[in-house]
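J.: Below is the structure I would like to discuss, written out as structure tokens.
The values are calculated or read from the model by the stated rules, or taken from the named source; none is laboratory data. Owing to the predicted nature of the structure, the values given are computational and were not obtained by experimental measurement. Virtual Cβ from ideal backbone geometry, glycine too; neighbours counted across all protein chains shown.
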Amino acid sequence: MNNAGRDAVDPISMLVADGGRDGEVAPLKEARRSFERRYILAVLQRCNWSIAAAAQALGLQRPNLYRKARQLSIPVKPPAAD
């Protein structure tokens, strides 16, 4: 498979590295939660924190995105500028 044009960061390696504990691999549940959180945050940022636009981009209904955000401790408003 040709990866030309894709990000240079390998997401699998990034998640495995997040295991942290003396080089151990994170359990699947933790890796999935970490990936979902990062992915949803990135989509929210890309959509300028519009829940409707992010939900559409993610293929979710807005109530489901709100519920997933709550489960993953994701703020639904942009972080305050310092």
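J.: Any idea which of (1) part of a helix (DSSP H, G or I); (2) at pLDDT 60 or above is the one Met14 doesn't satisfy?
T.: (2)
J.: Right, something else. What's the total number of residues in segment 21-59 that are farther than 14 Å from Pro78 by Cβ and out of contact with any Lys or Arg (no Cβ under 8 Å at 6 or more places or on another chain)?
T.: Applying the first criterion (farther than 14 Å from Pro78 by Cβ) to segment 21-59 yields 21-39, 52, 55-59.
With the extra rule that they be out of contact with any Lys or Arg (no Cβ under 8 Å at 6 or more places or on another chain), the set shrinks to 21-35, 37-39, 56, 58-59.
Within segment 21-59, residues that are farther than 14 Å from Pro78 by Cβ and out of contact with any Lys or Arg (no Cβ under 8 Å at 6 or more places or on another chain) number 21.
J.: Taking segment 49-59 only, how many residues are without any contact (Cβ under 8 Å) to a residue 12 or more places away in the chain and either touching a Gly at 6+ places or on another chain (Cβ under 6 Å) or not in a helix (DSSP H, G or I) (or both)? First the steps, then the outcome.
T.: Within segment 49-59, the subset without any contact (Cβ under 8 Å) to a residue 12 or more places away in the chain is 50, 52-53, 55-56, 59.
The next check asks that each one be either touching a Gly at 6+ places or on another chain (Cβ under 6 Å) or not in a helix (DSSP H, G or I) (or both); those that pass are 50, 59.
Number satisfying all stated conditions: 2.
J.: Would you please list the contacts, defined by Cβ atoms under 8 Å and residues six or more apart or on different chains, that run from a residue in segment 23-39 that is of a type in the set (Gly, Ala, Ser) to a residue that is modelled with pLDDT under 95 and not in a loop (DSSP other than H, G, I, E, B)?
T.: Short answer, once both residue conditions are applied: Ala26/Leu15; Ala26/Val16; Ala26/Ser34; Ala31/Leu15; Ala31/Val16; Ser34/Leu15.
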